[in-house]
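The values are calculated or read from the model by the stated rules, or taken from the named source; none is laboratory data. In this text, all values refer to a predicted model and were calculated from it rather than measured experimentally. Note that each Cβ is placed from the backbone with ideal geometry, even for glycine, and that neighbours are counted across all protein chains shown. Ligands, DNA and RNA are stripped out before the accessible areas are found, and what is left, the full protein with its side chains, is counted by its heavy atoms. Shrake-Rupley method; radii C 1.70, N 1.55, O 1.52, S 1.80 Å.
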Amino acid sequence: MNYLATVSYNGARFHGFERQPHLRTIQGSLEKALSQLCGKPTLIKGAGRTDAGVHALAQRFSFQTDEIKDTGAFLFALNRLLPSDIVVKAVEAVPDSFDARHSSCGKVYCYKFSYGERDPLQKETRAQLERRNFDPAAFKKALRYFVGTHNFQNFTTKPDDVDGFLRHIEAIDVQLDEATKTGEVTFKGNGFMTYMVRLIMGCAFKAALGKIQPEEIPALIAASPRHIVAFKAPAEGLYLVEVLYAKRS
């Protein structure tokens, strides 16, 4: 049978999601635990391949195994086999045609950061800017330029793309707390390519810190021939929040 699972993890001590020989990865850890629990080699198909150090609140993956008669007992046993920085939160049966990655119609990411005093207790889960001359208005203005449908070839290191690097960002929500000097930016879109959110955030940080003007961003997006921007925000601030699917009948 085909199953869809929801997983949460702290990615600080992983070399990203995708399986890599001799390296600790999310996919490798999940497949090892599932294979042990199911009694046979069990591979997964993940929706999104997070980078090293990136976290997830509700990433999704699909896998096939014999019928799971008691999902509660299955989850309990699976989580006992997984390292403490990964938790599978839910599992449900889905049609055989369903694929966690290819059936997705969008994703939600958030980026958490601090622009005040450094907090050593959050160094793995929130990006911390070294500079304090943070301009909230310039930051918000910079991010507004990325909403909509654009060719994001200059905001990904992906070498080529079947969709011509076109992606639609439906919304970017910015929440800043002046009292604590912390911020959170939420992105909702139909797809995000390698480093795309981190490169967008890096560009917005440069604007907030006066390194570039927000009005320069449209030219950075449109630059041709391709010129990948060099402003990449740290991995520890990025979270995959949700994978979106069309409603199933």
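Do you know which of the residues in segment 87-100 that are in contact with a Leu (Cβ under 7 Å, 6 or more places away or on another chain) and not in a loop (DSSP other than H, G, I, E, B) is surrounded by the fewest Cβ atoms within 10 Å (Cβ to Cβ)? Steps first, answer last, please.
Of all residues in segment 87-100, those in contact with a Leu (Cβ under 7 Å, 6 or more places away or on another chain) come to 88, 91-92, 94, 98, 100.
Adding the requirement that they be not in a loop (DSSP other than H, G, I, E, B) leaves 88, 91-92, 94.
Numbers: Val88: 20, Val91: 21, Glu92: 10, Val94: 18.
Of everything passing the filter in segment 87-100, Glu92 is surrounded by the fewest Cβ atoms within 10 Å (Cβ to Cβ).
Screening Leu4 on (1) within 19 Å of Leu244 (Cβ to Cβ); (2) under 14 Å from the mean Cα position of the chain (by Cα) shows it passes everything except condition (2).
Scanning segment 200-211 for residues that are within 20 Å of Asn151 (Cβ to Cβ) and surrounded by fewer than 23 Cβ atoms within 10 Å (Cβ to Cβ) returns a single hit, Gly202.
In the set (1) out of contact with any Leu (no Cβ under 9 Å at 6 or more places or on another chain); (2) open to solvent by 70 Å² or more (accessible area, probe 1.4 Å); (3) modelled with pLDDT of 95 or more, Arg126 fails one condition alone, (2). Number of residues in segment 147-194 that are within 22 Å of Ala222 (Cβ to Cβ), open to solvent by 70 Å² or more (accessible area, probe 1.4 Å) and either acidic (Asp, Glu) or part of a loop (DSSP other than H, G, I, E, B) (or both): the value is 6.
This table checks each residue for (1) charged (D, E, K, R); (2) surrounded by fewer than 19 Cβ atoms within 10 Å (Cβ to Cβ); (3) more than 17 Å from Val243 (Cβ to Cβ).
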residue	(1), (2), (3)
Ala52	no, yes, yes
Leu57	no, yes, no
Thr65	no, yes, yes
Asp70	yes, yes, yes
Ala77	no, yes, yes
Pro83	no, yes, yes
His102	no, yes, no
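Taking only pairs six or more apart or across chains, which ones have beta-carbon atoms under 9 Å, a first residue in segment 173-190 that is on the phi > 0 side of the Ramachandran plot, and a second residue that is open to solvent by 30 Å² or more (accessible area, probe 1.4 Å) and assigned to a loop (DSSP other than H, G, I, E, B)? Within 9 Å, the pairs are Lys181/Glu117; Lys181/Arg132. The one condition from (1) out of contact with any His (no Cβ under 9 Å at 6 or more places or on another chain); (2) surrounded by 14 or more Cβ atoms within 10 Å (Cβ to Cβ); (3) modelled with pLDDT of 95 or more that Gly106 does not meet is (1).
Every condition in (1) assigned to a helix (DSSP H, G or I); (2) touching a residue at least 40 places away in the same chain (Cβ under 8 Å); (3) among the aromatic types (Phe, Trp, Tyr) holds for Phe61 except the one numbered (1). Pairs linking a residue in segment 98-111 that is over 24 Å from Ala233 (Cβ atoms) to a residue that is part of a loop (DSSP other than H, G, I, E, B) and open to solvent by 40 Å² or more (accessible area, probe 1.4 Å), with Cβ atoms under 7 Å and 6 or more positions apart or on different chains, are Cys105/Asn190; Cys105/Ala246. Taking the residues in segment 7-37 that are hydrophobic (A, V, I, L, M, F, W, C) and open to solvent by 30 Å² or more (accessible area, probe 1.4 Å) as candidates, determine which candidate is farthest from the chain's Cα centre (by Cα). My answer is Leu37.
Screening the candidates Glu130, Glu124 for the property of being in a loop (DSSP other than H, G, I, E, B) and either closer than 27 Å to Met193 by Cβ or in contact (Cβ under 8 Å) with a residue 60 or more places away in the chain (or both) yields one hit, Glu124.
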